[in-house]
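The values are calculated or read from the model by the stated rules, or taken from the named source; none is laboratory data. Every value quoted in this text rests on a predicted model; they were computed, and no experiment measured them. Methodologically, a virtual Cβ is constructed for each residue, glycine included, from the backbone with ideal geometry; neighbour enumeration extends over all protein chains shown.
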Amino acid sequence: MFANTDLIEAVANRHFSSLTHMEPVWDEQYDEPWYSTGKMGIVFKLADPETGQRFALKVFKERDTEREERLRQLAEQLAAYPSPYWVSYRFLPDELRIESTFGEAERACVLLMDWIEGQTLGQFVRDACQQHDRATLYKLTYAFDQMALWLLANPFAHGDLKHDNILIRPNGVPALVDYDGMFFPVFTNLKALELGTPDYQHPKRNLNHYGPYLDDFSLLVISLSLYALAHHPSLYAEYNTGENLILTQTNFEQPRQSALLSTLQELDVPGLRQRLALLDYALALPPQSVPGLDVLLKDKFTHYATLQTLTYPPTPDLIPYRKGNKWGFCDRNKKIVIECVYDDAGPFEEVLARVKQGGKYGFIDQTGKQVVPFQYEYASHFSEGLAKVKQYRQWGFVDKMGRLVIRDRFDDACDFSEGMAKVKQYGKWGFIDRTGQLVIPYQFEDVSSFSDSLARMQQYRYGGYGYINKTGQLVIPCQFVLAWRFSEGMASVRLHEKLDLKWGFIDKTGQLVIPCQFNNAGYFSEGLARVEEYRKYGFDTKYGFINNTGELVIPYQFSHAGDFSEGLAWVQKEGQYGFINKVGQLIIPYKFGGASNYSNGLARVGRHLKVGYIDREGNQYWEEEESQEAEPSSFGMSLPPFVSQFALEFKPPVGTRQVS
């Protein structure tokens, strides 16, 4: 076994075989490479000086022939099942030279993976619970359940799911790390190399239990824990030990004596009770027979990507409420909690709500206390802990203490996404990090925010569109007439097709995976993308929705449509807006003059030339006025649907999310 000090010294001196171009990221405080120790090895952070890209290097403390062969096969299998839930993974068997004072130098095997910016699941949950941020916890629960269904639909298993083996990217999408205990079909008839963490594993699991069912119990434990915390964040302080979320191995071994399980049983929350019943059933069975979480989440008539019963955010505790021309906040029973004294108001995002008073924007907390002064010409919602604000025609960013942490010096700016924000100066766009440092120079005529680690860009006016990575390197050439951002591993692009301009979808390598066949196309969201049927001259075309294979799953029938969010999408027919679910059923009738996507359980809609909010059941949160016929909304008045949607996306009223 190698000593920690020997491994640290070897990385510090770059005793690599093939990674000689890499440099360890230095910890200035301790004057040594940054590292994190674990039971099996040490993880270092490396950087490629040419590209700026960062990597995680896991160095194993001892050589183990069986484990190393398993790791080699793991690398091959992970490459065969590409997914946004993985990180890139290379096994290098004799990469690091370890010098010895007493004999010949030895070699240590390593794993090289992309470095993922973000927090571990445990850190993310801790912060959200401490802030009592139920909306963020519900978003996390939803994102986790999506990943769970993907895992359950595949023939492999992670084997050690827990709070620090799942990272939450800045965009909220989870990523799995630490693949040492994974099962793939090629490992059938072998034994497991490890048992996983007890607070997440079935109490009867042993090394003979090794198959595609390994994650079924862990997924249930994590989903149940997240669901409980989303309803009652205070449970975290009482039941978290640092080695779990809230459940422990003792709860599994003695469920009838568990104070926590008794407390959860008493809560009148249907989704939580379903998970508790499934846990109770699972504990009576051997690990290989545990029913998967998909029995609760998966609609048996649809593909797992088009879900009907995922955990969506509930109606928030405080809801923007319009009374005449003034705004305040009410509870779910429409009882006024914060008086209607504002000119405009949006939902609470990251604990604060953006409001307008006296022609200026600021932010209040859930008691109505002013946190960010009313001094800005415009302000966006908080994203990744910062909100963009406009003052004296220049843009900057404030934090949740109200401090202007990135001074207002930009001609234009967009919200932070994946740790970076696009900003404009001198007529060109570039990117800053959260400290305000320019990390990609001003050079683009047009550019999107980062999503799926890529940003679409146009270098010159009238030039083509391509995609860059986070170092600014062009990774997909500028070959598209138009292009939109990546989402769920694909992006819609427009190409010339036999003298016609049609839209299709590419993957992250730039390969066309859904042929150019549409008159218009949006983003993939929750497994579906809106598309407009192609007609040569574009008259009387309709919108429908495709899945990620390009199959039309909701037929062309709508004059216009939005993206799916929290299980619903707005659609338009005969000038009126309503909302459908993922099988195309009309859930909220056509009665609005305009609509936006759902966020945190609410959607902003237009009615009677005014705007207000509705929840996922269609309940309206405004004071009813004299009855009028529905008409085009103040979103776009009588403008065509495309123009109305353009206004929604690029000049959003307070409370709607900006798409960039």
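Kindly evaluate Thr20 against the criterion of being in contact with a Lys or Arg (Cβ under 7 Å, 6 or more places away or on another chain) and assigned to a loop (DSSP other than H, G, I, E, B).
Numbers: in contact with a Lys or Arg (Cβ under 7 Å, 6 or more places away or on another chain): yes; assigned to a loop (DSSP other than H, G, I, E, B): yes.
The answer is yes for Thr20.
Looking only at residues in segment 224-275 that are modelled with pLDDT under 90 and aliphatic (A, V, I, L, M), the one that is surrounded by the most Cβ atoms within 10 Å (Cβ to Cβ) is Leu272. Is it the case that Lys39 is of a type in the set (D, E, K, R), at pLDDT 90 or above and either closer than 24 Å to Leu151 by Cβ or not in a helix (DSSP H, G or I) (or both)? No, not satisfied.
Evaluated against (1) more than 30 Å from Arg403 (Cα to Cα); (2) crowded, with 19+ Cβ neighbours inside 10 Å, Ser449 falls short on exactly one condition, (1).
Scanning segment 457-475 for residues that are surrounded by fewer than 17 Cβ atoms within 10 Å (Cβ to Cβ), touching a residue at least 40 places away in the same chain (Cβ under 8 Å) and touching a strand residue (DSSP E or B) at 6+ places or on another chain (Cβ under 8 Å) gives a single hit, Thr471.
Do we find that Gly436 is over 22 Å from the mean Cα position of the chain (by Cα), within 26 Å of Asp408 (Cα to Cα) and modelled with pLDDT under 95 in this structure? Spelling it out, Gly436 is indeed over 22 Å from the mean Cα position of the chain (by Cα), within 26 Å of Asp408 (Cα to Cα) and modelled with pLDDT under 95. Scanning segment 119-133 for residues that are within 16 Å of the chain's Cα centre (by Cα) and crowded, with 22+ Cβ neighbours inside 10 Å gives Leu121, Val125, Ala128. Considered as a group, the residues in segment 249-274 that are of a type in the set (A, V, I, L, M) and part of a helix (DSSP H, G or I) include one that is farthest from Leu226 (Cα to Cα), and that residue is Ala259.
A search for C-beta distances below 7 Å between a residue of segment 379-398 that is touching a residue at least 60 places away in the same chain (Cβ under 8 Å) and not assigned by TED's automatic domain parsing to the domain that holds Asn171 and any residue that is part of a strand (DSSP E or B) and surrounded by 24 or more Cβ atoms within 10 Å (Cβ to Cβ), counting only pairs 6+ apart in sequence or on different chains, returns Ser380/Ala387; Ser380/Lys388; His381/Gly346; His381/Arg354; His381/Ala387.
Given Ile42, Ile116, which one is more than 21 Å from the chain's Cα centre (by Cα) and either over 30 Å from Asn548 (Cα atoms) or surrounded by 14 or more Cβ atoms within 10 Å (Cβ to Cβ) (or both)? Steps first, answer last, please.
On the way: Ile116 fails: more than 21 Å from the chain's Cα centre (by Cα).
Going through Ile42, Ile116 in turn, the sole match is Ile42.
Here Ala80, Ala75, Ala56 are screened, and the one residue that is at pLDDT below 85, over 30 Å from Ala230 (Cα atoms) and either among the aliphatic types (A, V, I, L, M) or assigned by TED's automatic domain parsing to the domain that holds Phe183 (or both) is Ala80. The set of residues from segment 566-591 being modelled with pLDDT of 95 or more and surrounded by 24 or more Cβ atoms within 10 Å (Cβ to Cβ) comprises Ala569, Trp570, Val571, Tyr577, Phe579. Residues in segment 157-191 that are surrounded by 18 or more Cβ atoms within 10 Å (Cβ to Cβ), farther than 23 Å from Lys39 by Cβ and of a type outside the set (A, V, I, L, M): 3 in all. When Ser258 is tested against (1) closer than 25 Å to Gln288 by Cα; (2) among the small types (Gly, Ala, Ser); (3) under 22 Å from the mean Cα position of the chain (by Cα), only condition (3) is not met. Taking (1) closer than 22 Å to Glu349 by Cα; (2) without any contact (Cβ under 8 Å) to a residue 40 or more places away in the chain in turn, Gln425 satisfies each apart from (1). Scanning segment 476-494 for residues that are buried (at least 19 other Cβ atoms within 10 Å of the Cβ), in a strand (DSSP E or B) and not small (Gly, Ala, Ser) yields Ile476, Phe480, Met490, Val493, Arg494.
Restricting segment 103-125 to residues that are closer than 16 Å to Ala143 by Cβ and small (Gly, Ala, Ser) leaves a set whose member that is modelled with the highest pLDDT is Gly122.
If the condition is being hydrophobic (A, V, I, L, M, F, W, C) and at pLDDT below 95, then segment 441-454 contributes Phe450, Leu454. A count restricted to segment 539-565 and to residues that are without any contact (Cβ under 8 Å) to a residue 40 or more places away in the chain and surrounded by 18 or more Cβ atoms within 10 Å (Cβ to Cβ) stands at 8. The residue of segment 384-432 that is surrounded by the most Cβ atoms within 10 Å (Cβ to Cβ), among those that are more than 19 Å from Asp446 (Cβ to Cβ) and small (Gly, Ala, Ser), is Ala387.
Has segment 70-78 got any residue that is in a loop (DSSP other than H, G, I, E, B) and surrounded by fewer than 15 Cβ atoms within 10 Å (Cβ to Cβ)? The answer is no; no qualifying residue exists.
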